[in-house]
Amino acid sequence: MRITLMGMLLLFTFIGNCQTKDAKAIAILEEVSAKTKSYKSIKVEFAYTMVNTKAKINEEKSGSLLISGDKYKMNAAGQTVFCDGKTIWTYLKESNEVQVNSLDNKDDALTPSKLLTSYNSNYKSKIIKSNDPAVELIELVPNVSKNFSKAILGVDKLKKQIKSFSIFDKSGNVFTYKIKTFITNAPVSTADFSFDEKKFPGVEVIDMR
């Protein structure tokens, strides 16, 4: 599975009809969305785990994410994903290759702002029990069939910032992202969000557009 932009921000677009939702959950999501969109940029470091109890898999890695509007750069699991809002480059370090896709041509194309503004029409949402009194947990279920059944978003009650994001896919895998550092309004440039072949000697370019 390709690493995804933490829900938190990083990662899905759903097309569906509005359904009945938890009013409290929607209010929290709207607060998080408004606050997140007020930042010129966000820079985070996160821990990433993939667990499949049946297959006895428990992998843990770390990564980083830089976001500015619909542009982002993410490093995790041997991959670096660049997105300038129009094109996505996925660089695979092990094979020294980069896959190039047009954002508009991807069914599950995601930009941070899409995640934070699409929940209202694309998810059924509700508050669920949290073992941490400082964190609100919100369950998000897509309105249309996807390759995962639900996602759970952890929100810091005081700061209104995303603390964690878990994705439960239909193969029994649980992908979880936990935020370790959250820095706002860090300096960024357009070059941060595009792939520069000159910096990767001998890279194989696979253009899938």
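Each value in this text was obtained by applying a stated rule to the coordinates, not by laboratory testing. It should be emphasised that the depicted structure is a prediction, and the values quoted were computed from it without experimental measurement. No Cβ is skipped: glycine too gets one built from the backbone with ideal geometry, and neighbour counts run over all protein chains shown.
Counting 0.36 nm for each residue step from Glu60 to Ala191 and taking away their Cα separation leaves a gain of 44.2 nm.
Subtracting the Cα-Cα distance of Asp207 and Thr87 from 0.36 nm times their residue separation leaves 42.1 nm of extension gain.
Sorted ascending by nearby beta carbons within 10 Å, beginning with the fewest, Phe148, Phe175 become Phe148, Phe175. Each Lys or Arg adds one and each Asp or Glu takes one away; over the other residues whose Cβ falls under 14 Å from the Cβ of Lys43, this sums to +2. Full extension of the chain segment joining Val135 with Ala23 gains 38.6 nm, where the gain is 0.36 nm per residue of separation less the Cα-Cα distance. For the residue pairs Lys71/Lys199; Lys170/Lys198; Lys54/Lys160; Lys35/Lys150; Lys24/Lys93; Lys54/Lys157, alpha carbon separations beyond 31 Å are given by Lys170/Lys198; Lys54/Lys160; Lys24/Lys93; Lys54/Lys157.
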